[in-house]
1. Restricting attention to the range 48-86, report how many residues are touching a helix residue (DSSP H, G or I) at 6+ places or on another chain (Cβ under 8 Å) and of a type outside the set (Gly, Ala, Ser).
2. Mind checking which pairs have a first residue in the range 184-202 that is under 18 Å from Asp125 (Cα atoms) and without any contact (Cβ under 8 Å) to a residue 12 or more places away in the chain and a second that is of a type in the set (A, V, I, L, M) and in a helix (DSSP H, G or I), Cβ under 8 Å, 6 or more apart or different chains?
3. Mind listing whichever residues of the range 247-269 are over 15 Å from the mean Cα position of the chain (by Cα) and not hydrophobic (A, V, I, L, M, F, W, C)?
4. Considering only the range 152-177, state which residues are over 17 Å from the mean Cα position of the chain (by Cα) and among the aliphatic types (A, V, I, L, M).
5. Considering (1) at pLDDT 95 or above; (2) under 17 Å from the mean Cα position of the chain (by Cα), say which one Cys67 fails and leave the rest.
6. Sort out which residues of the range 9-53 are among the aliphatic types (A, V, I, L, M) and in a strand (DSSP E or B), and write them in order of number.
7. So, in the range 151-176, how many residues would count as being part of a strand (DSSP E or B) and either without any contact (Cβ under 8 Å) to a residue 60 or more places away in the chain or loosely packed, with under 12 Cβ neighbours inside 10 Å (or both)?
8. For residues in the range 15-51 being among the hydroxyl-bearing types (Ser, Thr, Tyr) and farther than 22 Å from Ile247 by Cα, which is surrounded by the fewest Cβ atoms within 10 Å (Cβ to Cβ)?
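The values are calculated or read from the model by the stated rules, or taken from the named source; none is laboratory data. Keep in mind the model is a prediction, meaning the values are calculated, not measured. Cβ atoms come from the backbone with ideal geometry, glycine included; neighbour counts cover every protein chain shown.
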Amino acid sequence: MFSHRKIADAQASYEDAKYVIFGVPFDHTSSFRRGSRLAPDSIRVAYDNLESFDFQYKVNYPDLPICDIGDLYVEEDPEEVVNDIERSVRHIADDGKVPIMLGGEHSLTTGLIRNFPECSMIIIDAHSDFRNEYMGSKYNHACITRRALEVLGEGRIFSVGTRSVSREEYEDPDFSKIRYFSANEVRKKGIQEVIEEIGKKVKGKIYFSIDMDGIDPSEAPGVGTPEPYGISSTEVRSLINHFAKRIIGFDIVEMTPVYDNGNTSMLAAKFVQDFIGSKERQA
């Protein structure tokens, strides 16, 4: 069951929609700064300030088939929430629509990716998130990349912006099954070389997940687990722009409004426009 809050440009009915936006206000496994449960509406409020026409993509968003079905009502158990998301997104995917989730914490992505087991995955994230469990749960936000590997398999996950890895994760024999592009590597190579490498290796359609802490805190301060020396928002946009045509699911997670100056929620809202605008331009 969903609430009835909507993003401003989401004017289409569910039946007519190509893009289905929904929020999941859940942050019960957050380990440092909680508050991402407040992000879906914070992103919607920030979105109100964006122009509905984008001259770069040559699209008028209210004319596009976008629907916002509101927020999923959640319980406290993270495994139950992940299962609820899986079931809800299954209906969206079976109806041939593109799900766009506003989190919430990163553990939620597990529920979406289960619906796309044949796809590849691009993750923007400061952290490797490869723990098998954390704080007693396999569905902790620090375990999402491990859970995704169990669904997608080796060679299908590309994580960009990494700069925090525990020794336990680094020494795990399965760690190398993920291609991690550290933030330093992105700066050294340039984002275009990273895009080219991913483009050569990526298989099939793509699921795209943005943990807002992957971006440098100077641009995105309102996150649950900030980490210095991140990648830039324009580098993330370049990845979205390049791969949009192949993206079949999209999420933005780990935005924490109570620690924000307004910039993080605005950037998250703009990423939603960037994804939809890019995909429409390439259609």
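1. 23
2. Note: pairs meeting the criteria are Glu185/Val194.
3. Scanning the range 247-269 gives Pro257, Tyr259, Asp260, Asn261, Gly262, Asn263.
4. Val165
5. Of (1) at pLDDT 95 or above; (2) under 17 Å from the mean Cα position of the chain (by Cα), only one is false for Cys67: (2).
6. Val20, Ile21, Val24
7. Residues that pass the stated criteria total 4.
8. Ser31
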